[in-house]
Every structure is written in C-alpha cells, then in structure tokens.
Ligand code: RUB
C-alpha cells in the first residue's frame, strides 16, 4: 500500500492566530532542526514515527500541526484549534498536546516549552481569576501599596492555637496576608478544621481592632476531595484557600475557581515547579505555567523573587510577573507573590523589579526577627512603606526600630 510522507514544515506560512494554539519550544538535538521540529509536530498531531496508511490528505490538512518558524534552537509549532477538546477537555488534554509525548522522544535530547498562546475560541472556555489582584486589594482595603504577607513558620509542628497566635501577631504588626506552608494540610498535630477555626477567630479579632487580613488555608489534596475540603474550610471561616498547582494539577485550580460555591480567592503555590522549570533547556517555563494558572483562575501566584531572594528563577521570575499582569490577556490580573528567603533589607530592590502591584511575603524574615513575630511583621511593613515612599531603607530605619533591628540582623541586599 502506498504511504505518503507528509511534511509538517510550513516555514513561510503565516498562521491565523485565531485558528491555532501556538507554542514556542527550545530544542536541543543532534538531528537537523527541521527534522526534530517536524517530528514534534507529527507526534503531537496526526503523525507517528513512520508513515501510516490511515492518514488521509484531508485529516493531515485539517488537524496536522505546522512548524511555522525555526530560529536557532527555537521552534514554533502551531496546533489547529480543532485538535483541542471543546469544554470537556480542559487543561489535561491541552497539556497532552502541547507538552505530552514530545518530552519522551528519544531523538530529541532536551526540550523546553517556553511559551504558549491560545486563540479566543479556547480562552473562552476558561473564566480566569474571579478576584485577581484587584479583588484581593478590594477585600483588604489596600488599593495601592504592595500587600505584605507571611508564611507561618515553622512549616510544620505548630498546633492550631500556635498558628492562630502567629497570625494574630503578624496582623497586629500590620501584615495584610498570611498563609499555611505547602507541607501543612491536615496533620494530627494541626487538624485543618481546628486550625481554620482558630485562625478565623484571630482574623475576626484583628478586624474588630480595625485591621483587615486574610490567611490562605492549604487545601492541597487528592482530586476526589479538593472541592469538598474547600467548601468545608470556607464553612469553618477561611477567607482564602491555597492550592499547589503542580502537585494538584491545573484542573484542580480550575475546578475551585469555577465552582460557584467557592467564594474566596485562591492563592496558588508552585511547590515542585523546580523539577519542571529549573533546567533552562528542558521542561516547561514559568511563563507557560503562569499563562495556564491565569486561564484556570488562580488569584495569586508565586513567581519567585526576581533575582533577589533564596529561590530565584532568573528570567523566569520576570516572565511570570509579566504574564500575571499582562494587559493583553482577556482575564483579570493575577497578584504576583514574591516569596522565598525574603527579609526587609531586600524589599526595596525587589519592589524596584516588581512595581507596586505585588504581594511580598516572608516566613523566616518575619519569624526570625529578634523581637518576635509582631516586630518581624512591623519590620517587613516598614520596609514596604519605605519602598512605597521612595525612601532608602537605611534612612527609613533611623526612626523605625523594628526595621533597624531587621537590617542589623540580615543586612541590606
Ligand atoms: C518561603 C516559603 C515558600 C517559598 C516557596 O519561606 O516557605 O514556600 O516561598 O518558593 P521563607 P516560591 O520566607 O522562610 O524562605 O515562592 O519560589 O515558589
């Protein structure tokens, strides 16, 4: 039987952005780049490793991916929008097209999904953040200044009462946000029900004293339980929930964001992302991950510390920041969260990079303050105030004791 050899290279064709999902891949291979690119487009659409008798011209023309650009090690592949499921598919099916089998192709050494752009017919299937950066600011009554948060430390081991006390002290020191750490969900030493209720009491107490604050309760759990757990923590008084997008999946974020019974913002952590994003030649970039989180409805997302803190991801942090706030997106903006080894002496530099629409967050940088959590919170807020006013942190510290103590301990970066 005759088998036609189809070519997936359409290098001089300009693709209609409304008809395709366009991906940019970085490819490391010993093969000629055209062959590698063609293998990717074939594997991820109508082809396989050999010619097949069942591939007809009309199927190839309509559903075959196109390699539309090759520049150095960057390859652009355009997937016809029709290759994607309507409504029921969601992110899992999208990922298996744009970031699926191709990562296992033996002939390609390393591969990285650098960016992805969706046509409006796919964007329309997602509602994006329900609150986003603006909604969070509205809840907190803080229209302009950066939000300032803490991660309750130690990560694990505190009781519900200890956690609630920490949150109260952090709020009394001026913080707008706090959150559970990514490894704390529902351990025996800190049951989620008791913790959520105790923290809600602290937040109510702060509110009565005139201070608004939210705490993100970590509900990261199996897909069969996550909505139920979100509803429960809400009924126990949670004002924000937290979910780990890489361990729980993008579909979990989407399910939470689209469920009408969930009425609180979603803080998206990204634990385990380093396994996927860290190698500059392999994996999936934070830019692509951020675009998907925004599409799925995350209201706040960890983006790294923009070249300043302990977990910086280089250019990926800046790309992620831009994708959170990008005005060209049809969705509400996501609040970018800078976190990881943050302390007051680095806040100025970080805000220079991020601008004011950001949540700055410190665990050790609050709980490690020599004066305790309340002083640590004050030190962080004073550092943010200094950056907001455009005053150098050293000058601001002259008449702000907690900031001065923090600078004495950790220095200025
Ligand atoms: C930071 C912390 C967060 C990290 C995650 O604690 O617990 O989980 O920010 O990293 P500390 P990223 O302030 O004590 O370092 O934000 O890069 O995903």
Checklist outcome for this item: Within region 363-381, residues being within 12 Å of the ligand (Cβ to nearest atom), in a helix (DSSP H, G or I) and crowded, with 20+ Cβ neighbours inside 10 Å number 4
Next on the checklist: Please go through region 79-110 and give me each residue that is surrounded by fewer than 17 Cβ atoms within 10 Å (Cβ to Cβ), more than 17 Å from residue 38 (Cβ to Cβ) and touching a helix residue (DSSP H, G or I) at 6+ places or on another chain (Cβ under 8 Å), ordered by number.
Outcome noted: 82, 85, 92
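Please determine, by comparing only the residues of region 151-168 that are part of a helix (DSSP H, G or I) and more than 16 Å from the ligand (Cβ to nearest atom), which one is farthest from residue 337 (Cα to Cα). First the steps, then the outcome.
Start the filter on region 151-168 by keeping residues that are part of a helix (DSSP H, G or I), which leaves 160-168.
Narrowing further to those that are more than 16 Å from the ligand (Cβ to nearest atom): 160-162, 164-165, 168.
Numbers: 160: 25, 161: 26, 162: 25, 164: 22, 165: 24, 168: 21 Å.
Step by step, filter region 151-168, then rank; the result is 161.
Taking into account only those residues within region 122-134 that are in a loop (DSSP other than H, G, I, E, B) and within 19 Å of the chain's Cα centre (by Cα), which is surrounded by the fewest Cβ atoms within 10 Å (Cβ to Cβ)? Give the derivation first.
Taking region 122-134 first, the residues in a loop (DSSP other than H, G, I, E, B) are 124-131.
Right, trim to within 19 Å of the chain's Cα centre (by Cα) and you get 126-131.
Values: 126: 20, 127: 16, 128: 20, 129: 29, 130: 19, 131: 23.
Applying the filter and picking the extreme gives 127.
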Checklist entry - Among the residues of region 202-210, is any within 22 Å of residue 256 (Cβ to Cβ) and in the same structural domain as residue 340 (by TED's automatic domain parsing)? => result yes
Next on the checklist: Among the residues that make up region 389-398, is at least one of them away from the ligand (no atom under 14 Å from the Cβ), in a helix (DSSP H, G or I) and touching a residue at least 24 places away in the same chain (Cβ under 8 Å)?
Outcome noted: yes
Checklist outcome for this item: Filtering region 83-99 down to residues that are at pLDDT 95 or above and over 20 Å from the mean Cα position of the chain (by Cα) yields 83, 84, 97
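Within region 316-348, can you find the residues that are within 16 Å of the ligand (Cβ to nearest atom), part of a helix (DSSP H, G or I), more than 12 Å from the chain's Cα centre (by Cα) and crowded, with 20+ Cβ neighbours inside 10 Å? Spell out how you get there, then give the answer.
Looking only at region 316-348, we keep the residues that are within 16 Å of the ligand (Cβ to nearest atom), and these are 316-321, 323-324, 334-347.
Adding the requirement that they be part of a helix (DSSP H, G or I) leaves 316-321, 323-324, 344-347.
Narrowing further to those that are more than 12 Å from the chain's Cα centre (by Cα): 318, 344-347.
Selection gives 344, 345, 346, 347.
Could you go through region 177-192 and let me know if any residue there is modelled with pLDDT of 95 or more and in a helix (DSSP H, G or I). Talk me through it step by step, then tell me what you get.
We begin by selecting, within region 177-192, every residue modelled with pLDDT of 95 or more; these are 177-192.
Next, only the ones that are in a helix (DSSP H, G or I) stay: 192.
Yes, some residue in region 177-192 is modelled with pLDDT of 95 or more and in a helix (DSSP H, G or I).
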Item to check | Selection from region 230-249 of residues that are more than 25 Å from residue 138 (Cβ to Cβ) and surrounded by 23 or more Cβ atoms within 10 Å (Cβ to Cβ) | outcome: 244
Next on the checklist: Looking only at region 251-274, filter to residues that are in contact with a helix residue (DSSP H, G or I) (Cβ under 8 Å, 6 or more places away or on another chain) and within 16 Å of the ligand (Cβ to nearest atom); which one of those is nearest to residue 139 (Cα to Cα)?
Outcome noted: 266
Checklist entry - Name the pairs: first residue in region 40-54 and not assigned by TED's automatic domain parsing to the domain that holds residue 97, second residue crowded, with 21+ Cβ neighbours inside 10 Å, Cβ to Cβ under 6 Å, at least 6 apart or on different chains? => result none
Item to check | Leading residue by the ranking (farthest from the chain's Cα centre (by Cα)) among those in region 255-267 that are touching a residue at least 40 places away in the same chain (Cβ under 8 Å) and more than 10 Å from residue 130 (Cα to Cα) | outcome: 256
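Regarding residue 190, is this residue under 27 Å from residue 358 (Cα atoms), surrounded by fewer than 23 Cβ atoms within 10 Å (Cβ to Cβ) and in contact with a helix residue (DSSP H, G or I) (Cβ under 7 Å, 6 or more places away or on another chain)? First the steps, then the outcome.
Numbers: under 27 Å from residue 358 (Cα atoms): no; surrounded by fewer than 23 Cβ atoms within 10 Å (Cβ to Cβ): yes; in contact with a helix residue (DSSP H, G or I) (Cβ under 7 Å, 6 or more places away or on another chain): yes.
No; evaluated as a whole, the condition is false for this residue.
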Checklist entry - Of all strands (runs of 3 or more DSSP E) completely enclosed by region 49-121, which ones contain at least 1 residues that are over 23 Å from residue 286 (Cα atoms)? => result 66-71, 74-80
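The values are calculated or read from the model by the stated rules, or taken from the named source; none is laboratory data. From a predicted model like this one, the values you see are computed outputs, not experimental measurements. Reconstructed Cβ throughout: ideal geometry from the backbone, glycine too, with neighbour counts over all protein chains shown.
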